[in-house]
Amino acid sequence: MDNVVKELSKGIFCITEDRPGGVSAYLVVGTEKALLIDSLFKCRTLYDTCRGLTDLPLEVALTHGHWDHAGEGLHEFAEAGVPIYLLKKDYFFFEDPDFSHALHGLKSDILTPLGENQVFDLGGFRLETITVEGHTPGSCCFLEVDKQIIFTGDSTGAGVFFMQLPGAQPLTLLQKSFKKLWDRIKDMNDLILHPGHRNQSPVQLHLGFIADTIMLTNKIIAGDPDVPTEDREMQSSSGHVVKCKSASYNLITNYCYRPDNITG
C-alpha cells in the first residue's frame, strides 16, 4: 500500500494511505526525538518512510486501537525495538478474537501502556496526552499547547464520526470526555486540528469544529427534534450489519450512533 507524505509545517509530516477513506498518520520531528502518531492500515513501508524523514530516536503513540490506526506497519516498528504506546483500555483490540482478527497477527505484547496526561517532550514539541473515552474506551488526543496543535485520531472525527462501532462507549460518557477536553482547549482560539482521516474534510479544521461536535452530541443526547437524522446500516469489520442513525451539523456530515447506546 502506497502512502502520500506532506509536510504540514516545520517538523510535522502527514502520511496518508493512498486509498478511498485513507487513514492519516503524523510524524512529529523535534530536535531530540520524533513521535509517530498512529500507524496507518495496510502500509508495511511506514517505518522506512519515517526513517527517510528522520534518524532521531523514534517512538509510536496510538490514538486508539482500531485496526486502521494500529495497522500492519507496527510489525516493522516492533521488530526495530521502537516503543509503541497505547492506553490499556484499548488493549482488548489486540487480545479479543472478535477484534484481533483485523490486527494482522499483532498481539498486545508489543505495546507499552500509555499514561493519562503522559507528555512526549521531543525538543521543540511537547505533546500532552488527553484521554477522550468514546469512539473507543482508550481513545485519546495529543495536544501541543504552545503551538496550539492537536492530533485527534478519531476522537472527534473529521466530518465522519463513528459511534456505532463495537466497543464505542455510550454518548453520555463521550459527553463527559468532551467536557474535559473542552475545558483544556476552549481558550485556544488558533487551535489547529490534525484528525485521523484528514481527507474526510475539505478544509482545515479548527477549534470551532470540536465545539460543533460537542454541540451535536449534546443535541442527540437531549433528543433535539431539530437535528437532521437518517437511518443507516453500516457493516463492521467482522461483516455484521449494524443499524444506526446518522446526524449532520455544519461540517459534520455523518455522525453515526446507535439509539440504544446513548445512555448505555
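Coordinate-derived values only; no laboratory data. What you are looking at is a predicted structure, and each value in this text was computed from that prediction instead of being measured. Don't worry about glycine lacking a Cβ; one is built from the backbone with ideal geometry, like all the others, and counts go over all protein chains shown.
Inter-label distance, Val4 to Asn254: 1.8 nm, where each label sits 7 Å from its Cα along the C-beta direction. You can think of it this way: the chain between Leu173 and Glu128 has 14.1 nm of extra reach, that is 0.36 nm per residue less the Cα-Cα gap. Taking Cα atoms only, the orientation of helix 207-222 departs from the longest principal axis of the chain by about 40 degrees. For the pair Ala211 and Trp182, the difference between a 0.36 nm per residue extended length and the Cα-Cα distance amounts to 9.6 nm. Write down the percent of antiparallel bridges among all DSSP beta bridges whose residues are both part of the chain, to the nearest 5. Roughly 70 percent of the beta bridges in the chain run antiparallel, per DSSP. Within straight cross-link reach of Lys10, meaning Cα distance under 19 Å, which lysines are found once same-chain residues fewer than 8 apart are removed? Lys10 reaches Lys33, Lys147. The stretch between Arg232 and Asp190 holds 11.6 nm of extra length on full extension. This uses 0.36 nm per residue minus the Cα-Cα distance. Cross-link partners of Lys245 among lysines, defined as those whose alpha carbon lies under 28 angstrom from its own and excluding same-chain residues fewer than eight positions apart: Lys89, Lys176, Lys179, Lys180, Lys219. Secondary structure note: in the stretch 155-264, about 75% of the DSSP beta bridges are antiparallel. Compared with the dominant Cα axis of the chain, that is its longest principal axis, helix 171-185 is turned about 50°. By the count of other C-beta atoms within 10 Å, a proxy for reagent exposure, Val23, Val145, Val160 are ordered fewest to most as Val145, Val160, Val23. Using the rule -39500 (n - 2.57) for each DSSP H run of four or more residues, divided by the residues of the chain, the 222 nm mean residue ellipticity is -5500 deg cm²/dmol. Set against the labelled values (1) 1.05; (2) 0.95; (3) 1.11, Cα Rg over 2.2 N^0.38 Å computed from this structure falls on (2). Sorted fewest first by neighbouring Cβ atoms within 10 angstrom, Leu205, Leu191 come out as Leu191, Leu205. Coupling constants for the stretch 138-144 follow from the phi torsions by the Karplus curve (6.51 cos²θ - 1.76 cosθ + 1.60, θ = phi - 60°), and in residue order they are x, 6, 7, 10, 10, 10, 9 Hz; glycine and proline get x. Straight-line cross-link partners of Lys42 among the aspartates and glutamates, defined as a Cα under 14 Å from its Cα and at least 8 positions apart when in the same chain: Asp2, Glu17, Asp18, Asp68, Glu72, Glu76. Taking amide H positions as modeled 1.01 Å from N, with prolines and chain starts lacking one, the residues under 5 Å from Thr63 and 5 or more places away or on another chain are Asp38.
For Asn3, the residues whose modelled amide H falls within less than 5 Å of its own, excluding neighbours fewer than 5 places apart on the same chain, are Asp18. Note: relative contact order over the stretch 3-261, using C-alpha pairs below 8 Å and six or more positions apart, is 14 percent.
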